[in-house]
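Have a look at the structure below, then the notes.
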Amino acid sequence: MQSIGQGMSLRWLLAASFINSFAFGFIWPLTSVYLYNELYQTLVTIGWVMMANAVGQAIGSIVSGRLFDQFKPYRLIQFGVLAMIVLQVAFIIWHGWPTYAVILTLVGFFGGWLTAAINAYGTQVRSHDGRFVFNMLYFMSNFGMVFSTALVGPIYPFGITWLFLLALILYVVLFFIVHTKFRINLANYSREQQTTKIALPKWNLLLIYAGISGLVILWISYAQWQGNVSVYMNSVLKLPLWQYSMLWTINGILIAIIQLGMNALNLSANRRSMFIQIFAGIIMFGLSFLVLPFSHHFMGFALAMIITTIGEATAFPMIPALVNELTPLTLKGRYQGLTAAAPSVGRAVGPLVGGFIIQQQGYNALFYAASALTFVAFIGVLTSIVLGYRRTVRYEEN
């Protein structure tokens, strides 16, 4: 067991983040295509299924984050990995309709559970600055996605069962890592929380919830890439599935390059750089959707994905880092859980809203709406940080 003074090992935390993302990447990228082409479900039905999965992720993240501050994190994350192992076995046995949708919802719950637990463990790393830690967590998560999405396209024609089997093997590996490397004793923190109730300053709360709300809005737009764009490319434009899979490989590789570059230049540890990344990243993210209406071939989608990734890689990891800076030690799990839930809420709403817009106005209207929504998020986050950051209390310790 690691001591409290040592904190969490960054190396093993990043390994866990990589494996968790690698395994989960065999499940979600082809969900929309599988439901549409193999299980013959409509876009609206697919939207409801994706919503159920994402709501499960949001609830799992919130529950896990709150429990992190009150119970042994080791037991918490261990239970989440065991649940994912059981669910992969269930997927291998039952992946027809509607069983697939039910299991996918449970996978969402425990996927959110694990994401929040890993992020909360990130606040317990003592050896590096919090902004560096969350940059690296985001990098490793997407690095894992590079491998899985690159493999999904070639493996899927042999049957979706093989993807679930690979995910099962990875979660078994993750269980052994958690079992041997995640036993951090946080009992003293739990006792402190039970005896002292800490109320966050109002400006801290304002910025935290502005950041979380901004993430929700950004992920409503981002969810279109993960669901409706795959159907648009494969079923409307008749582009091969490997091209959609390749977009996510580009996404992961570019995130790796950007994150490693920022860390090499020590930008992740600079507070002013953090705000530049948030503001510029959101703007880039919004601009990317304006490319999609004019994209009818792979190169157009690749360009849009490159712009999307630049915005995502710079802005997205800085929001949990900002939340970490604005929360005391005994509340970090709770607010990291809420931060981890934000993308899930966006993924819950995004496919359903997107499917409705497509049926009423078409795909081009969807892309313009996603861009407009992103700029709404930018105004909200910019205003709250400019007006409130100087009035906040910063908790520098991780």
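The values are calculated or read from the model by the stated rules, or taken from the named source; none is laboratory data. Since the model is a prediction, treat every value here as computed from it, not as a measurement. Cβ placement follows ideal geometry from the backbone for every residue including glycine, while neighbour counts extend to all protein chains displayed.
Looking at Tyr171, is it at pLDDT 80 or above and out of contact with any helix residue (DSSP H, G or I) (no Cβ under 6 Å at 6 or more places or on another chain)?
Answer is no for this residue.
Is it fair to say Leu67 is more than 20 Å from Phe24 (Cα to Cα) and either in contact (Cβ under 8 Å) with a residue 40 or more places away in the chain or assigned to a loop (DSSP other than H, G, I, E, B) (or both)? Please lay out each step first, then the result.
Values: more than 20 Å from Phe24 (Cα to Cα): yes; either in contact (Cβ under 8 Å) with a residue 40 or more places away in the chain or assigned to a loop (DSSP other than H, G, I, E, B) (or both): yes.
Yes, satisfied.
So which of Ile93, Ile19 is farther than 20 Å from Ser148 by Cβ, modelled with pLDDT of 85 or more and of a type outside the set (Gly, Ala, Ser)?
After applying the criteria, what remains is Ile93.
Sort out which residues of segment 224-235 are assigned to a helix (DSSP H, G or I) and at pLDDT below 85, and write them in order of number.
As a first pass, look at segment 224-235 and keep what is assigned to a helix (DSSP H, G or I): 224-226, 228-235.
Passing the criteria: Gln226, Asn228, Ser230, Val231, Asn234, Ser235.
Take the residues in segment 52-75 that are surrounded by fewer than 24 Cβ atoms within 10 Å (Cβ to Cβ) and among the hydrophobic types (A, V, I, L, M, F, W, C); name whichever of them is nearest to Trp219 (Cα to Cα).
Val55
Only one of Val89, Val49, Val44 is in contact (Cβ under 8 Å) with a residue 60 or more places away in the chain, in contact with a Phe, Trp or Tyr (Cβ under 9 Å, 6 or more places away or on another chain) and within 24 Å of Ser230 (Cα to Cα); which?
Numbers: Val89 fails: within 24 Å of Ser230 (Cα to Cα); Val49 fails: in contact (Cβ under 8 Å) with a residue 60 or more places away in the chain.
The match here is Val44.
Can Ile276 be described as in a helix (DSSP H, G or I), out of contact with any strand residue (DSSP E or B) (no Cβ under 7 Å at 6 or more places or on another chain) and surrounded by 23 or more Cβ atoms within 10 Å (Cβ to Cβ)? Step through it out loud before you land on a result.
Working: in a helix (DSSP H, G or I): yes; out of contact with any strand residue (DSSP E or B) (no Cβ under 7 Å at 6 or more places or on another chain): yes; surrounded by 23 or more Cβ atoms within 10 Å (Cβ to Cβ): no.
No; evaluated as a whole, the condition is false for this residue.
Only residues that are of a type in the set (S, T, N, Q) and within 17 Å of Ala342 (Cα to Cα): list them for segment 218-233, please. First the steps, then the outcome.
Keep residues of segment 218-233 that are of a type in the set (S, T, N, Q), which gives 221, 224, 226, 228, 230.
Hits for segment 218-233 are Ser221, Gln224, Gln226.
Of the residues Gly65, Gly96, which single one is of a type in the set (Gly, Ala, Ser) and farther than 23 Å from Ser141 by Cα?
Numbers: Gly65 fails: farther than 23 Å from Ser141 by Cα.
Sole residue among the options that is of a type in the set (Gly, Ala, Ser) and farther than 23 Å from Ser141 by Cα: Gly96.
Kindly provide the set of residues from segment 299-335 that are small (Gly, Ala, Ser) and closer than 24 Å to Met262 by Cα, ordered by number. Working first, answer last.
Filtering segment 299-335 for residues small (Gly, Ala, Ser) gives 300, 302, 304, 311, 313, 315, 321, 333.
Once the filter is applied, which keeps residues that are small (Gly, Ala, Ser) and closer than 24 Å to Met262 by Cα, segment 299-335 yields Ala302, Ala304, Gly311, Ala313, Ala315, Ala321.
Just the residues that are closer than 30 Å to Thr327 by Cα, crowded, with 20+ Cβ neighbours inside 10 Å and of a type in the set (Phe, Trp, Tyr), please, taken from segment 205-249.
Trp219, Tyr222
Determine if segment 241-249 includes at least one residue that is within 28 Å of Gly130 (Cα to Cα) and in a helix (DSSP H, G or I). Break it down stepwise before answering.
Just the residues of segment 241-249 that are within 28 Å of Gly130 (Cα to Cα), to begin with: 248-249.
The next check asks that each one be in a helix (DSSP H, G or I); those that pass are 248-249.
For segment 241-249, residues within 28 Å of Gly130 (Cα to Cα) and in a helix (DSSP H, G or I): present.
Taking segment 174-197, which residues are of a type in the set (A, V, I, L, M) and either at pLDDT 90 or above or farther than 22 Å from Val125 by Cα (or both)?
Of the residues in segment 174-197, the ones of a type in the set (A, V, I, L, M) are 174, 177-178, 184, 186-187.
Of everything in segment 174-197, those that are of a type in the set (A, V, I, L, M) and either at pLDDT 90 or above or farther than 22 Å from Val125 by Cα (or both) turn out to be Leu174, Ile177, Val178.
Give the number of residues within segment 70-99 that are under 14 Å from Ile177 (Cα atoms) and assigned to a loop (DSSP other than H, G, I, E, B).
0
Of (1) within 28 Å of Leu326 (Cβ to Cβ); (2) modelled with pLDDT of 80 or more; (3) not polar (S, T, N, Q), Leu166 satisfies all except one. Which?
(1)
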